[in-house]
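The values are calculated or read from the model by the stated rules, or taken from the named source; none is laboratory data. Just so we're clear, the structure is a prediction, and the values are computed from it rather than from any experiment. What goes into the accessible areas is simple: the full protein's heavy atoms, side chains included, and nothing from ligands, DNA or RNA. Shrake-Rupley method; radii C 1.70, N 1.55, O 1.52, S 1.80 Å.
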Amino acid sequence: MWRYGSISWNPSPRYNAVAAVISGIYNFALFDITYLLTGGGPSGRTTTLPLLLYNQAFRGLDQGRAAAVGLVIFGAGVLALVVMQRLTRRTRS
């Protein structure tokens, strides 16, 4: 473990991977903040998948593309859950 000021970092790959998965799941939920503050930002630089889904479904009126984006979000969530389950299974044993 090493310290930088008052921040300590444990270089264990299991804990870092779990933190990365949780952070990724949180980033998929960032619709409200991104929409209210930037609306997708200049040239779409801050567009997240949920914001893209909203724009395709309600602004572009392209329900098929919005459904495809929704399936990508669902698949990424399932993949994140599988990774999290495998990481926690290794931790328990």
Condition test on Leu37, is it under 14 Å from the mean Cα position of the chain (by Cα) and open to solvent by 80 Å² or more (accessible area, probe 1.4 Å)? no
Under the condition of being assigned to a helix (DSSP H, G or I) and on the phi > 0 side of the Ramachandran plot, which residue from region 42-90 is most open to solvent (accessible area, probe 1.4 Å)? Ser43
